[in-house]
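Okay, so here's the structure we're looking at.
Rule-based calculations on the coordinates, nothing more; no lab input. What you see is a predicted model, and the numbers here were worked out from it, not measured in a lab. Cβ sites come from the backbone with ideal geometry, for glycine too, and all protein chains shown count toward neighbours.
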Amino acid sequence: MGTWKLEALRVAIYMTFPVGTFWWFNQPENFEAWLIEQRKLLYPDNRKGRESINRTRALLEKRRAVRMELELKRIEAEGTH
């Protein structure tokens, strides 16, 4: 082992390291740029994808309206016979 001075140093290191890392990683300026870059990698800008989804949704709504109109005409034609 070692003398009490070495043991005191070890205890100080064991206590300082977790507290120091906790303090460092909870400072926004230390990791803000990294976090923004990671967010861009994980969640890319998908405005083009959103536009495609909106166009597809509009097309499907238009098809649904046409189908409903045809179904309504068919029901009206059957009701008059």
Inset, instruction - Would you mind getting me the FRET efficiency between residue 22 and residue 53? Use the beta-carbon distance for r and R0 = 25 Å, nearest 0.05. - result: 0.05
Inset, instruction - Would you mind checking the tilt of helix 4-25 against the longest principal axis of the Cα atoms of the chain, expressed as 0 to 90 degrees and rounded to 10? - result: 20 degrees
Inset, instruction - Note down the nm distance, to one decimal, between modelled labels 7 Å out along Cα→Cβ at residue 13 and at residue 69. - result: 8.0 nm
Inset, instruction - With mean projected area of the Cα convex hull in nm² defined as stated, name the option among [x] 6.9; [y] 12.2; [z] 5.9 computed from the structure displayed. - result: [y]
